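Chemist: Take this structure, written in structure tokens, and hold onto it; I'll ask about it next.
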Amino acid sequence: PVPVSFIDGNDEDHASLRRAASDSSTKVSEHYDATYIPRGFAEDGFVYCGGATSYDRAYRTEGLDWFPEENITDEEIRRGIRNCAGQKIRIMVAHETIREAFRLIKRPNWIFADQNRERLEELFNAARPEIYIHGHYHFFSEYEYLGCRFICLQNPDHFKHELVQTEELMRVEGYSARVVDAFMHVAQRCCAVAD
């Protein structure tokens, strides 16, 4: 009875998702009540962009549990920028973070270039969201960059606690009611984030 919408990360069968993808959310299987949100889709003040690099791909099998299509393309970013035009984007949901914000995660041994972060930076600069939600790193972190609050989510079993903790912190730090309401809109629309 709970509707499920999802973006892709880096370990999915991206070839299958791309066959099902269109410019709007698509139900990808007759067996599951799950809707895939394609890269670059924007609606109701949200913009979405899945995809990320599998840094453990050397230990995976291409076509089985690693797919080259995990990488975000220039066309997917251009589509996102086009879809953002004419609407106020308040929240960006991605699997990966952006290039310049990545250094704020404070994992010094992770400093390296990544084409997906580079491309997400382009979409971020076009959308200028107030909140940016991502996963990929399997830990919880909050940080701020260019006036945008970034929230790195851990795993489904921690999700609700992280949202409540973030809402309380935002109110204490004096974020506007509009920004807190936008954040809570995510909390009300989501019940889990699986990484």
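Chemist: Residue separation times 0.36 nm, minus the C-alpha to C-alpha distance between ILE105 and SER24: what's the value?
Modeler: Full extension from ILE105 to SER24 adds 26.0 nm.
Chemist: Then there's this: Can you sort THR97, THR61 by solvent-accessible area, 1.4 Å probe, largest first?
Modeler: Output order, biggest surface exposure first: THR61, THR97.
Chemist: How would VAL180, VAL4 rank on accessible area, largest to smallest, probe 1.4 Å?
Modeler: VAL4, VAL180
Chemist: What number comes out for accessible area per residue over the range 1-99 if the probe is 1.4 Å? Units Å², please.
Modeler: Ligands and nucleic acids excluded, the result is 52 Å² per residue.
Chemist: Under a point spin-label approximation (7 Å from Cα along Cα-to-Cβ), what is the LYS88-THR73 distance to one decimal in nm?
Modeler: 3.4
The values are calculated or read from the model by the stated rules, or taken from the named source; none is laboratory data. Being a predicted model, the structure only gives us computed values, none of them experimental. Please note: Cβ atoms are built from the backbone with ideal geometry, for glycine as well, and neighbour counts cover all protein chains shown. To get the accessible areas, we keep the full protein, side chains included, count just its heavy atoms, and leave off ligands, DNA and RNA. Shrake-Rupley method; radii C 1.70, N 1.55, O 1.52, S 1.80 Å.
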